[in-house]
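K.L.:
After the structure tokens below, expect a handful of questions from me.
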Amino acid sequence: MADWVMPLFTIVVAVALLVETLAIAGMFMGILRLVRRVESATERVQGRLYPLISQIQLHLDDLEPRIGCAVTEAAEVVHSARIQAERTDRKITEVTDELRTKLVRLDLRVATTLDTVEVTGSRIRHAFLAPVRSIKALTTGIQTGINTYRGRFRQSDEWDDLPEERIRYRSEAEASESRKPFFS
């Protein structure tokens, strides 16, 4: 039994190797076909893309100086705008500071003027009211004297009958009325 097992095993291994070799050869042929297809597709894509890439390159070559010029001009405009903004800011700051200084001076002048007007008004009021008060006091004194003289002349009988406290009280009431301020 051992004589026929070894040759049978050798035949099975040989057939397996042959099938494996054929499978590898088939895969190799499939890969070759795939590589040919990929190469032809690549050639077609390259045939279409290379002219487009060439045209894009030509357009970029034409646009490159224009883009460079535009970038340079934009940089100059930005630089000029920045310088103008700095000048404007400096001027605004100067004008604001000058205006603030002038406003402070004006405020001081107005405050001084208002103080002067207040002092002058107080002096005028005092200068005007002092003689008026004196005249008022004088006229009140004269009027009180005349009233007293008339009252004694007309009511000499009444004054004789009144007690002295009543006469003093009436004289004080008339005096307090004369002390009332003229402008109240």
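The values are calculated or read from the model by the stated rules, or taken from the named source; none is laboratory data. Source: prediction; values computed, not measured. Cβ atoms come from the backbone with ideal geometry, glycine included; neighbour counts cover every protein chain shown.
K.L.:
Out of the range 26-68, which residues are at pLDDT 90 or above and of a type in the set (A, V, I, L, M, F, W, C)?
P.N.:
M27, F28, M29, I31, L32, L34, V35, V38, A41
K.L.:
Would you check if G47 is of a type in the set (G, A, S), surrounded by fewer than 10 Cβ atoms within 10 Å (Cβ to Cβ) and without any contact (Cβ under 8 Å) to a residue 40 or more places away in the chain?
P.N.:
Here the answer is yes, as G47 does meet what is asked.
K.L.:
For the structure I just gave you, tell me whether T140 is touching an Asp or Glu at 6+ places or on another chain (Cβ under 7 Å) and either part of a helix (DSSP H, G or I) or modelled with pLDDT under 80 (or both).
P.N.:
no
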